[in-house]
Amino acid sequence: MFSKKQYIYLVLLVSCSIVQAGCSVSYSLEKSSDSVSTSLDSLTSISTSSSGGGGEEAKIQETSTLYEEDVAAVTVLYVSREKTTDEYQRQVSAIARNHGIGDWEQEQSTFLAMGKGLRRAGVNENSIVNLPFFRSIAKSSNYSSVITGYKM
Amino acid sequence: MYHLLRLLLFLCLFSSPGFLLASELGEENSTVSIDFLYINANAGEAAGGHTALRLGDTVFHYQFFPDSTFLLVREPWDAFLFLYNELHNRSISIASLPLNLSVATQIRYHFTELLAEQDQFFDSLEQLRQEKRLVQDLLVGDLEIPVNALGFFSEKLQSPYLPDLTAYIEETLPTGFFQEAVRKAEENVQRAAAVIDTEGRLGPAFQERLGVREALRIFSENRGLDSSAFIPSMQEERRLTATEKSLLKSFRDSLRETIVELLCSRRPDRGAAILLQTARYLAVCHSLSSERLLTLDPFFEDVHKVWLSDEEISGGRLAVLQEDLLEQSATRRDLFFKEERHPEIAYSLLETSRARAWELLRVNTTERKIRILTKTTLPTRPGIAVLDTPHISQERLQNSSQLLAVEFEKQKKRAEDLYGYNLINRNCATELIRSLNSTFPDEKLGRDGLGGWMEPESGLIFIPFLFYEQAVRDFSLQDEQFIQARRLRNLETLYEQEDDLLVWLRESNTLSSTLYQPRNKDTPFLFFTDDSLLLRPILGLMNLTYGAVQGVVGLARVPLDGGEHFNQALRGIFYSLPELTFGNIRKGSYSTGESEGTTGQKITTPGNRSTSL
């Protein structure tokens with residue numbers, strides 16, 4: 001039906017169409033030591049996306065907001081996946097690290113976010129203290145922050 | 001650059017995070033929208049186009065990583081727009097789905113949970129890899145174990161500032177705290193080692209407890225910071241002012257409190273945190289003493305590195321970027337001294353930006369390598385803790401090593417199953433809709449919440465532009481907007497200012513275009529075909545011929561460049577093929593220094609969105 005030349009042509013066109021369904025390769029380079037970009041482009045977005053005082057000022061608040069969202073998310077997983085207290089604390093540490101926080105126990109927002117996560121996970125307020133990690137902080141002021149977050 | 005900043009400011013003003021604000025205000029019944037994005041194709045990384053979901057100022061999308069994983073990624077909208085639309089010159093279509101605030105919030109929370117679950121999986125895989133390596137080292141008698149943040153401390157130098165901190169801790173905590181803590185820490189290391197007898201594995205606790213022990217030793221041995229621990233003061237940075245010194249003293253005192261709290265904490269990984277905060281405390285003391293701002297070096301061992309080309313070093317791009325990063329560092333310094341609510345976040349941002357600026361200032365014709373911190377992260381430089389006794393028998397270690405090898409392979413296989421890429425069944429379109437659907441317990445509730453429903457396996461929705469078209473239909477998406485790719489946007493401006501024919505003749509090809517400079521990454525081509533549908537097959541044929549000619553040249557150059565030119569030519573031919581049948585992938589792309597003055601003002605994005613998320 002097709003000549004050899006036509007067949008090669010068709011195969012190439014079909015290949016192109018299939019490739020067109022492919023997706024984007026990461027530009028963020030966070031997970032790999034090898035990358036798509038091998039030039040100054042890698043730094044461009046870092047410098048430009050937040051240039052200017054307004055952008056930078058917002059960045060602190062944005063980081064804090066994302067941190068709280070992430071702590072709430074990991075708290076939902078703590079409840080639903082029945083993680084151990086140590087695992088949960090390590091996960092909070094990992095999130096804190098990603099957002100530039102070394103000592104998450106000193107951040108009130110950590111405990112507010114935990115409270116929000118507990119509510120989202122459907123934990124009854126009276127049962128919070130039954131969860132091992134929260135039992136361990138039940139007598140501290142951080143627990144009040146958890147409850148405040150729960151009620152927010 | 002100025003225009004770009006104006007654009008970003010515009011975006012900040014008009015796309016403020018109303019989503020979160022409304023949520024915090026409890027406006028449960030208000031309507032907001034989530035946006036479906038379609039980003040058209042370009043050569044190189046994204047020949048098939050791309051899809052994403054914008055929730056407020058945040059974009060969630062799936063990306064393929066060079067280690068063959070395919071992962072959910074969260075990015076700020078302005079960074080996403082800059083990369084895809086500005087640098088990669090791709091048009092973005094946006095269609096909004098108005099939703100009840102509670103549904104929109106539920107979706108955002110769900111995507112965040114998916115991200116957290118994914119991160120947990122890879123964190124535990126990394127933990128497993130580290131444990132495997134540790135056991136293998138112990139097996140061959142290597143008793144040197146890496147501990148995070150220990151690397152900032154010198155083996156020899158005594159600290160002039162640590163005795164004050166130690167005295168403060170001893171005054172604040174019960175008498176004999178240090179002696180008791182050191183005894184317990186040593187005991188805990190031995191207990192952690194004994195776990196291998198019962199559980200067959202050391203787990204993360206062993207290294208964590210070693211971290212606590214090492215942190216306490218820093219105090220007892222009065223070890224100072226290593227001279228390489230700092231990002232040194234840069235010529236462009238001013239001396240600390242009196243106000244800054246006063247604020248820095250307050251920050252030093254808050255770090256001191258943090259260290260006391262951490263010493264009493266029961267969190268398992270407190271050792272590394274004590275080491276980091278102590279190193280920061282000492283860095284602040286050094287800053288105060290020298291009246292120059294010094295921060296810890298946050299670069300880590302396997303940080304991403306790039307080697308700059310001659311063109312990048314000698315051209316204006318490097319200077320532009322150096323200036324930008326210095327400016328960013330100065331801004332973050334000012335913000336740190338102003339920040340009251342989140343000083344630690346502000347300090348981490350400052351540490352990162354100083355490191356980036358300093359790294360780029362070191363570049364010259366002999367030093368071409370730069371390390372790139374893609375995101376803000378805590379300094380972690382590992383140091384070596386030496387085990388005094390092996391604690392663990394060879395037999396136990398052997399068993400543990402085998403156990404870990406099996407478990408590691410099992411988890412790697414799981415990673416492939418859970419986070420692998422498949423062109424048809426698991427790509428950016430299918431996973432986006434799968435993730436959206438999994439927000440809801442079932443299809444009925446999903447339809448109620450979203451006003452429609454899409455199945456990831458249905459028809460050809462794995463093709464990004466068909467996915468977008470179907471989403472517009474199935475969800476009755478509204479307010480469709482279009483952000484033109486950078487070259488097309490600037491071309492329109494030229495058409496308004498000059499004679500159409502002249503502009504077309506000049507800008508339609510890569511040789512005379514004033515809006516585009518050929519880049520290797522774009523593959524060799526002569527004509528842009530993204531703005532000329534009818535002529536596309538003819539121009540495509542010329543591009544194909546040009547690619548073939550370049551192929552012949554490349555073949556001749558194989559002995560000189562190892563086939564790089566030839567390979568690029570082949571890719572050029574490949575990207576010309578769709579043009580023969582009225583298709584288009586390649587559009588050209590841009591790089592750093594070219595941002596100046598080319599950002600159009602025609603972007604229709606956020607201003608006309610009914611309710612901005």
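The values are calculated or read from the model by the stated rules, or taken from the named source; none is laboratory data. The structure presented is a predicted model; accordingly, all values stated were derived computationally and were not measured. Here the Cβ is made from the backbone with ideal geometry for all residues, glycine too, and neighbour counts use every protein chain on show.
Quick one: count up the residues across region B:474-505 that are of a type in the set (S, T, N, Q), buried (at least 19 other Cβ atoms within 10 Å of the Cβ) and touching a strand residue (DSSP E or B) at 6+ places or on another chain (Cβ under 7 Å).
Residues in region B:474-505 being of a type in the set (S, T, N, Q), buried (at least 19 other Cβ atoms within 10 Å of the Cβ) and touching a strand residue (DSSP E or B) at 6+ places or on another chain (Cβ under 7 Å): 0 in total.
Do any residues in region B:292-305 that are within 10 Å of B:THR380 (Cβ to Cβ) have Cβ atoms under 7 Å from those of residues that are among the aromatic types (Phe, Trp, Tyr) and at pLDDT 90 or above, where the two are at least six apart or on different chains, and which pairs are they?
B:LEU296/B:PHE152; B:LEU296/B:PHE230
Evaluate the following for B:ILE370: is it within 9 Å of another protein chain (Cβ to nearest Cβ), more than 19 Å from B:ASP226 (Cα to Cα) and not aromatic (Phe, Trp, Tyr)?
Spelling it out, B:ILE370 is indeed within 9 Å of another protein chain (Cβ to nearest Cβ), more than 19 Å from B:ASP226 (Cα to Cα) and not aromatic (Phe, Trp, Tyr).
Is region B:398-411 home to any residue that is crowded, with 16+ Cβ neighbours inside 10 Å and among the aromatic types (Phe, Trp, Tyr)?
Taking every residue of region B:398-411 in turn, none turns out to be crowded, with 16+ Cβ neighbours inside 10 Å and among the aromatic types (Phe, Trp, Tyr).
Here is a check on your reading of the model: is B:LYS245 touching a residue at least 24 places away in the same chain (Cβ under 8 Å), over 19 Å from A:GLY100 (Cα atoms) and at the interface with chain A (Cβ under 9 Å from one of its Cβ atoms)?
When the stated conditions are applied, B:LYS245 does not pass them.
Filter region B:508-534 for residues that are assigned to a loop (DSSP other than H, G, I, E, B) and of a type in the set (Asp, Glu) and give the result.
Residues satisfying the conditions are B:ASP530, B:ASP531.
Could you please let me know if B:VAL284 is hydrophobic (A, V, I, L, M, F, W, C) and at the interface with chain A (Cβ under 9 Å from one of its Cβ atoms)?
Against the criterion (hydrophobic (A, V, I, L, M, F, W, C) and at the interface with chain A (Cβ under 9 Å from one of its Cβ atoms)), B:VAL284 does not qualify.
Do we find that B:THR430 is at pLDDT below 90 and polar (S, T, N, Q) in this structure?
So B:THR430 fails the test.
Could you check B:LEU294 against (1) within 13 Å of chain A (Cβ to nearest Cβ); (2) over 19 Å from A:ARG97 (Cβ atoms); (3) of a type in the set (A, V, I, L, M) and say which number it fails?
Answer for B:LEU294: the failing condition is (1).
Which residue out of B:GLY49, B:GLY56 is farther than 25 Å from A:GLU56 by Cα, at pLDDT 75 or above, within 22 Å of the chain's Cα centre (by Cα) and crowded, with 22+ Cβ neighbours inside 10 Å?
B:GLY49
Scan region B:256-281 for residues that are at the interface with another protein chain (Cβ under 7 Å from one of its Cβ atoms) and in a helix (DSSP H, G or I) and jot them down.
B:THR258, B:GLU261, B:LEU262, B:ALA273, B:LEU276, B:GLN277
Inside region B:186-210, can you point out the residues that are within 14 Å of chain A (Cβ to nearest Cβ), closer than 21 Å to B:ALA405 by Cα and part of a helix (DSSP H, G or I)?
Within region B:186-210, B:ALA192, B:VAL195, B:GLU199, B:ALA205, B:PHE206, B:GLN207 qualify.
Which one of these is at pLDDT below 90, of a type outside the set (Phe, Trp, Tyr) and touching an Asp or Glu at 6+ places or on another chain (Cβ under 9 Å): B:ASN42, B:ASN100?
B:ASN42
Of these, B:LEU321, B:LEU378, which one is under 20 Å from the mean Cα position of the chain (by Cα), at the interface with chain A (Cβ under 7 Å from one of its Cβ atoms), at pLDDT below 95 and over 26 Å from B:ASN520 (Cα atoms)?
B:LEU378
Taking B:GLY449 and the conditions (1) farther than 26 Å from B:PHE122 by Cα; (2) free of Cβ contacts under 8 Å to residues at least 24 places away in the same chain; (3) part of a helix (DSSP H, G or I); (4) of a type outside the set (D, E, K, R), which numbered condition does it fall short on, given that it satisfies the others?
The one condition B:GLY449 does not meet is (2).
What residue, among those in region B:157-183 that are within 39 Å of the chain's Cα centre (by Cα) and without any contact (Cβ under 8 Å) to a residue 40 or more places away in the chain, is farthest from B:SER287 (Cα to Cα)?
Here the answer is B:VAL182.
Test B:GLU86 against the stated conditions and say whether it is under 30 Å from B:ASN42 (Cβ atoms), touching a residue at least 40 places away in the same chain (Cβ under 8 Å) and within 14 Å of another protein chain (Cβ to nearest Cβ).
When the stated conditions are applied, B:GLU86 passes them.
Considering only residues that are under 17 Å from B:LEU349 (Cα atoms), of a type outside the set (A, V, I, L, M) and part of a loop (DSSP other than H, G, I, E, B), which ones fall in region B:282-310?
Matches in region B:282-310: B:ASP297, B:PRO298, B:PHE299, B:PHE300.
Could you pull out the residue among B:ARG213, B:ARG252, B:ARG238 that is farther than 17 Å from B:ARG280 by Cα, part of a helix (DSSP H, G or I) and not acidic (Asp, Glu)?
B:ARG213
Could you check B:LEU157 against (1) in a helix (DSSP H, G or I); (2) touching a strand residue (DSSP E or B) at 6+ places or on another chain (Cβ under 7 Å); (3) loosely packed, with under 15 Cβ neighbours inside 10 Å and say which number it fails?
Condition (1) is where B:LEU157 drops out.
Take the residues in region A:51-102 that are at pLDDT 90 or above and part of a loop (DSSP other than H, G, I, E, B), then tell me which one is farthest from the other protein chains (Cβ to nearest Cβ).
A:THR84
Can you give me the number of residues within region B:551-594 that are surrounded by 20 or more Cβ atoms within 10 Å (Cβ to Cβ), farther than 16 Å from B:LEU526 by Cα and touching a Phe, Trp or Tyr at 6+ places or on another chain (Cβ under 7 Å)?
Here the count works out to 1.
Which residues, taken from region A:121-146, are assigned to a loop (DSSP other than H, G, I, E, B) and charged (D, E, K, R)?
A:LYS139
Only one of these conditions is not met by B:SER476: (1) outside any helix (DSSP H, G or I); (2) in contact with a helix residue (DSSP H, G or I) (Cβ under 7 Å, 6 or more places away or on another chain). Which number is it?
Here B:SER476 clears every test but (2).
B:SER435 is checked against (1) of a type outside the set (Lys, Arg); (2) modelled with pLDDT under 95; (3) part of a helix (DSSP H, G or I) and fails just one. What number does that condition carry?
(2)
Return only the number of the condition from (1) within 14 Å of another protein chain (Cβ to nearest Cβ); (2) of a type outside the set (A, V, I, L, M); (3) in contact with a Leu (Cβ under 9 Å, 6 or more places away or on another chain); (4) under 27 Å from B:GLN130 (Cα atoms) that B:ASP226 does not satisfy.
All conditions are met except number (1).
Matching residues to (1) surrounded by 13 or more Cβ atoms within 10 Å (Cβ to Cβ); (2) within 26 Å of B:ASN42 (Cβ to Cβ); (3) of a type in the set (A, V, I, L, M, F, W, C):
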site: B:ASN437; (1), (2), (3): yes, no, no
site: B:PRO441; (1), (2), (3): no, no, no
site: B:GLY451; (1), (2), (3): yes, no, no
site: B:PHE465; (1), (2), (3): yes, yes, yes
site: B:TYR468; (1), (2), (3): yes, yes, no
site: B:VAL472; (1), (2), (3): yes, yes, yes
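Can you pull out every residue in region B:535-576 that is basic (Lys, Arg) and not in a helix (DSSP H, G or I)?
Residue satisfying the conditions is B:ARG557 alone.
Only residues that are of a type in the set (S, T, N, Q) and touching a Gly at 6+ places or on another chain (Cβ under 7 Å): list them for region B:149-193, please.
Result: B:SER154, B:GLN158, B:SER159.
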